[in-house]
Amino acid sequence: MLLEFSVTNFRSIKDKQTLRLLKTKKNELTNNFTTITLSTGKTLDVLNSAVIYGANASGKSNLVLALWSMLNIIRGSFGYQPNTGVKNIEPFLLAKESKNQPTEFELDLIDNGVRYVYGFSATEDKIIDEWLYQYPKGSPQNLIDRQSTSQWGTMSALKGKKKTWQENTKDNSLFLSTAVQFNSESLQVVFSAVQKLTGMFEAGDFDFTCYQANVSKESAQEILDLMQAFDVGIENFVVSKETAEESKIPDEMKDILVKKGEDLSKIKFFKVESQHVSDDGDVVPFNFKEQESEGTQKLFGLAGPWLRVLAKGYCLVVDELHNSLHPKLVAYLVSMFHNPEINKHGAQLIFVTHETSLLNQDTFRKDQVWFCEKENNATELFSLADFKVRKGVDNLESAYLSGRYGAVPYLK
């Protein structure tokens, strides 16, 4: 489970901002957190969800993008060609002291009872620092200690061919990503833990849901059950594949593929046919992407990742969750993470929204609600837990919209 994510010097984020998912002392809404036992025998209460509010252009999406960028670098940096730089690094440009400084990311998480703290800093050209600590017995053990791109600390807790892994780590690649490719068993554990964090932007993930539906009849039925729970009128759906020649992708895209030497008859895309029942009981097929509403399409795109994350105990990060969805539908999707009969494995949801109807004391604890606002052109992240809220008295939605907590538009 994710305990904290921190980012410094990324897009609209100048100074270090930290999103925390550790529960504060209050024991209200006990279904909204999961108690996990550490390898030391101690327990921690970790929140199952966090919601982020803020005005347009306040940097909410940049916080999500920062996490997604970190994950992309971890997953992909081994494959970077030498001297091609580090992808996804975008420093804060509105201050002289920031635009030439590295961007920094850090994750604090728990996997199988062991706490790990992993982070790195990078410019657009190269990785600067990289660190990884594990806490199997409470005290930190150093697994990665990379300094000044190619200088290394002792890394005493790491077993295996450290010298080989170091020599094969390019200036623009992460040691973690490289060592895993060279079969480091101890770092594979951490790499796999990071892969349990998954993100998406507002449209969901159509292809992933199609893939999940093809895995088994049970998976397809679970997706259908979720769709039907929201009364979208779909009786069934069928997932198939069609070639690029057959598909209705834009001709411009087909031309690009042909120019790259691709064979359009061998490139395949998922296709979904949804089925409705007419007044006289006949099954009527719909072209899903052309005839279903934006809301139905988004729900389908969310369904696959949503159900997988809940089944596996992963962490899902979603931007603009409310777009094209009814507020009650959004509320139900969120409530699935707060229902111990559905969320049996400590899955987590982090999402950005403008849907203020969710902002009430029956849905979220104070420590689950976060706000973003700009101060001197830079994004600042802060928690509702920083404010005094009278239990059962204060209307959080009204208080937020009236500006009591900040993070609302200032209209000139």
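Of the residues that make up the stretch 220-232, is at least one over 29 Å from W68 (Cβ atoms), modelled with pLDDT under 95 and more than 28 Å from the chain's Cα centre (by Cα)?
No, every residue in the stretch 220-232 fails to be over 29 Å from W68 (Cβ atoms), modelled with pLDDT under 95 and more than 28 Å from the chain's Cα centre (by Cα).
What strands (runs of 3 or more DSSP E) lie completely within the stretch 296-400 and have 2 or more residues being in the same structural domain as K60 (by TED's automatic domain parsing) and in contact with a Cys (Cβ under 8 Å, 6 or more places away or on another chain)? Show your work before the answer.
Working: elements: 315-318, 348-352, 369-375, 378-383.
Strands (runs of 3 or more DSSP E) meeting the threshold: 348-352, 378-383.
Test T353 against the criterion of being crowded, with 16+ Cβ neighbours inside 10 Å, over 19 Å from V46 (Cα atoms), modelled with pLDDT of 95 or more and under 17 Å from the mean Cα position of the chain (by Cα), and give yes or no. Please lay out each step first, then the result.
Values: crowded, with 16+ Cβ neighbours inside 10 Å: yes; over 19 Å from V46 (Cα atoms): yes; modelled with pLDDT of 95 or more: yes; under 17 Å from the mean Cα position of the chain (by Cα): yes.
Yes: the conditions hold for T353.
List pairs: first in the stretch 287-302 and in contact (Cβ under 8 Å) with a residue 60 or more places away in the chain, second hydrophobic (A, V, I, L, M, F, W, C), Cβ under 6 Å, 6+ apart or cross-chain?
The qualifying pairs are G295/L325; T296/V232; G301/A203; G301/F206.
Among (1) among the hydrophobic types (A, V, I, L, M, F, W, C); (2) in a strand (DSSP E or B); (3) surrounded by fewer than 13 Cβ atoms within 10 Å (Cβ to Cβ), there is one condition F286 misses while meeting the rest; what is its number?
(3)
Consider F182 carefully, then state whether it is within 25 Å of the chain's Cα centre (by Cα), aromatic (F, W, Y) and within 19 Å of G79 (Cβ to Cβ). Quick ask: steps written out before the conclusion?
On the way: within 25 Å of the chain's Cα centre (by Cα): no; aromatic (F, W, Y): yes; within 19 Å of G79 (Cβ to Cβ): yes.
Answer is no for this residue.
Test E130 against the stated conditions and say whether it is surrounded by fewer than 18 Cβ atoms within 10 Å (Cβ to Cβ) and of a type in the set (D, E).
On the way: surrounded by fewer than 18 Cβ atoms within 10 Å (Cβ to Cβ): no; of a type in the set (D, E): yes.
The answer is no for E130.
Kindly indicate whether S177 is under 27 Å from the mean Cα position of the chain (by Cα), outside the structural domain of H354 (by TED's automatic domain parsing) and touching a residue at least 60 places away in the same chain (Cβ under 8 Å). I'd like the intermediate steps shown before the answer.
Values: under 27 Å from the mean Cα position of the chain (by Cα): yes; outside the structural domain of H354 (by TED's automatic domain parsing): no; touching a residue at least 60 places away in the same chain (Cβ under 8 Å): yes.
So S177 fails the test.
Suppose we filter K196, K241, K170 for residues that are modelled with pLDDT of 90 or more and under 25 Å from G295 (Cα atoms); which single one remains?
Details: K196 fails: under 25 Å from G295 (Cα atoms); K170 fails: under 25 Å from G295 (Cα atoms).
Only one candidate qualifies: K241.
Among the acidic types (D, E), surrounded by 13 or more Cβ atoms within 10 Å (Cβ to Cβ) and at pLDDT 95 or above: does that describe E341? First the steps, then the outcome.
Values: among the acidic types (D, E): yes; surrounded by 13 or more Cβ atoms within 10 Å (Cβ to Cβ): no; at pLDDT 95 or above: yes.
Answer is no for this residue.
Examine the stretch 266-283 for a residue that is at negative phi, touching a Phe, Trp or Tyr at 6+ places or on another chain (Cβ under 8 Å), part of a loop (DSSP other than H, G, I, E, B) and of a type outside the set (K, R), and state whether such a residue exists.
Checked against the condition, which is being at negative phi, touching a Phe, Trp or Tyr at 6+ places or on another chain (Cβ under 8 Å), part of a loop (DSSP other than H, G, I, E, B) and of a type outside the set (K, R), the stretch 266-283 yields no hits at all.
If we scan the stretch 214-225, do we find a residue that is within 20 Å of F269 (Cα to Cα), in contact with a Lys or Arg (Cβ under 8 Å, 6 or more places away or on another chain) and among the hydrophobic types (A, V, I, L, M, F, W, C)?
Looking through the stretch 214-225, none of the residues is within 20 Å of F269 (Cα to Cα), in contact with a Lys or Arg (Cβ under 8 Å, 6 or more places away or on another chain) and among the hydrophobic types (A, V, I, L, M, F, W, C).
Would you check if K254 is outside any loop (DSSP other than H, G, I, E, B) and either surrounded by 13 or more Cβ atoms within 10 Å (Cβ to Cβ) or at pLDDT 95 or above (or both)? Before you say what the answer is, go through the steps one by one.
On the way: outside any loop (DSSP other than H, G, I, E, B): yes; either surrounded by 13 or more Cβ atoms within 10 Å (Cβ to Cβ) or at pLDDT 95 or above (or both): yes.
It is true that K254 is outside any loop (DSSP other than H, G, I, E, B) and either surrounded by 13 or more Cβ atoms within 10 Å (Cβ to Cβ) or at pLDDT 95 or above (or both).
Quick check on my filter: what residues within the stretch 344-360 are more than 16 Å from L197 (Cβ to Cβ) and in contact (Cβ under 8 Å) with a residue 40 or more places away in the chain? Explain how you work it out, then say what you get.
Within the stretch 344-360, the first condition is being more than 16 Å from L197 (Cβ to Cβ), and the residues that meet it are 344, 353-360.
Result: T353, H354, T356, S357, L358, L359.
Considering only the stretch 147-157, I want to know if a residue exists there that is crowded, with 20+ Cβ neighbours inside 10 Å, modelled with pLDDT of 95 or more and assigned by TED's automatic domain parsing to the domain that holds F351.
Let us first name the residues in the stretch 147-157 that are crowded, with 20+ Cβ neighbours inside 10 Å, namely none.
No, the stretch 147-157 has no match at all.
Can you name the residue in the stretch 14-42 that is touching a helix residue (DSSP H, G or I) at 6+ places or on another chain (Cβ under 6 Å) and over 23 Å from L310 (Cβ atoms) and, of all such residues, is modelled with the highest pLDDT?
Only one residue fits best here, namely K14.
The values are calculated or read from the model by the stated rules, or taken from the named source; none is laboratory data. The model shown is predicted, which means the values in this text are computed figures rather than measured ones. Here Cβ is always computed from backbone atoms with ideal geometry, including for glycine, and neighbour counts include all displayed protein chains.
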